[in-house]
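A.B. asks: Here it is, the structure, as structure tokens.
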Amino acid sequence: MRLLVLLLLSVAHAARAAAPSPLFMMDFSAAEPGKVPAGMLVLDGAFAVREADGGRHLELPGAPLESFGVLWGPAQKENVTATARFFGTREGRRFPVFGLSLNGVAGYRVQVVPAKRAVEILKGDEIKASAPFTWESGTWTRLRVQVRRTGDAAWQVEGRAWQDGKPEPAGWTVTWGETNAPIAGRAAVWGQPFAGTPIRFDDFQLAALNP
């Protein structure tokens, strides 16, 4: 019995050690409608908290048809992971584009591009990797992006996309290896309302990856 107890305690300790340490969380449930919560920095776009379906979220209007973003959370360099969820709709053959990034404005972004049926990793505006992904209009999609050090001069950028309400996949949807040291910067969400319809953002989370 003593051996079993020690084994269970060891497993629990390992699980706690492997779990990311929270750095920032925002679900907008207590945010004031019509505004952007304090501490978030709007890079461009008329972002505001809106109410729909019994809850609150951050929303980007469907016009103009440009690229817009909001920075949030504390600046981090490496060994960090971020998640958020996104809602958009298509309009005929027009689709929204949305993404989640780390390391500031010119950092690493995981981006869903429904018109390409793909999820991409970008460094700044440059596409570094791409993988197939089927997006469903009118549903929430979750994204995860993380940057972790893998060697003296090596980092792995990893992205994952999945439909909200389903279990988070075990594997990564898209990955890319970096050999230049990342620059410390804040997480961000991005939206390009090319469909002419609003894009919603919710459940922001940032966490440190434990060694």
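A.B. asks: Sort Ser29, Ser137, Ser101 so that the residue with the fewest other Cβ atoms within 10 Å of its own Cβ comes first and the one with the most comes last.
C.D. replies: Ser29, Ser137, Ser101
A.B. asks: What does the charge count near Arg148 come to, summing +1 for each Lys or Arg and -1 for each Asp or Glu among other residues with Cβ under 9 Å from its Cβ?
C.D. replies: After counting each charged neighbour, the total is -1.
A.B. asks: Could you name the aspartates and glutamates in cross-link range of Lys166, using Cα to Cα under 17 Å and dropping any fewer than eight places away on the same chain?
C.D. replies: Answer for Lys166, where 17 Å is the Cα cut-off: Glu136, Asp202, Asp203, listed by chain and number.
A.B. asks: Could you work out how far the C-alpha centroid of the range 110-144 sits from that of the range 77-98, in angstrom?
C.D. replies: Here the two parts' Cα centres lie 7 Å apart.
A.B. asks: Along the positive direction of the dipole of the range 74-211 (beta-carbon charges: Lys, Arg +1; Asp, Glu -1; about the Cα centre), which of Gly185, Gly92, Thr139 reaches farthest?
C.D. replies: Farthest along the dipole direction, towards plus: Gly92.
A.B. asks: Report the extension gain between Ala63 and Thr134 in nm, rounded to one decimal, defined as 0.36 nm multiplied by the number of residues separating them, less their alpha carbon distance.
C.D. replies: Extra length from Ala63 to Thr134 when fully extended: 23.1 nm.
A.B. asks: I would also like to ask the following. Angle, helix 2-18 long axis vs. longest principal axis of the chain, Cα atoms, 0 to 90°, nearest 10?
C.D. replies: Taking Cα atoms only, the helix is inclined about 40 degrees.
A.B. asks: Give me the Kirkwood hydrodynamic radius of the range 144-211, using the inverse of the mean 1/r over all pairs of distinct Cα atoms, in Å to one decimal.
C.D. replies: 14.6 Å
A.B. asks: For Lys128, go through the lysines and keep the ones whose alpha-carbon is under 20 Å away, minus same-chain ones fewer than eight residues off.
C.D. replies: Excluding near neighbours in sequence, the set is Lys77, Lys116.
A.B. asks: When ranked by the protection proxy of mean other Cβ atoms within 10 Å per residue, highest first, what sequence do the peptides 179-188, 48-57 form?
C.D. replies: 179-188, 48-57
A.B. asks: Let me see the pair-distance distribution of the chain: every alpha carbon pair, 10 Å bin width, integer percents in order.
C.D. replies: 9, 34, 35, 15, 6, 2, 0
A.B. asks: Determine the sum of side-chain charges near Lys35: Lys and Arg each +1, Asp and Glu each -1, restricted to other residues whose C-beta is under 12 angstrom from that of Lys35.
C.D. replies: For residues surrounding Lys35, the net value is 0.
A.B. asks: Give me the dipole magnitude in Debye, nearest 20, for the chain about the Cα centre, with unit charges on the beta carbon: positive for Lys and Arg, negative for Asp and Glu.
C.D. replies: It works out to roughly 420 debye.
A.B. asks: Below 8 Å between Cα atoms, with a sequence gap of 6+, how large is the relative contact order for the chain in percent?
C.D. replies: Numbers: 554 pairs, mean separation 65.7, N = 211.
RCO, the chain: 31 percent.
A.B. asks: Oh, and also: Using alpha-carbon pairs under 8 Å, 6+ residues apart, how would you state the relative contact order of the range 19-69 in percent?
C.D. replies: Reported as a whole number, the value is 33 percent.
A.B. asks: Tell me what the chain gives for mean residue ellipticity at 222 nm when only DSSP H runs of n ≥ 4 count, each as -39,500 (n - 2.57), the sum divided by the residue total, rounded to 500 deg cm²/dmol.
C.D. replies: It lands at -2500 deg cm²/dmol.
A.B. asks: Please name whichever of Gln163, Met26, Gly55 sits farthest to the positive end of the charge dipole of the chain, dipole taken about the Cα centre and charges placed at Cβ: Lys and Arg +1, Asp and Glu -1.
C.D. replies: The Cα lying farthest towards the positive end belongs to Gln163.
Just so you know, all these numbers are worked out from the coordinates, no wet-lab data involved. Please read these numbers as outputs of a predicted model, since none were measured by experiment. With ideal geometry, Cβ positions are generated from the backbone for all residues, glycine too; neighbour counts draw on all protein chains shown.
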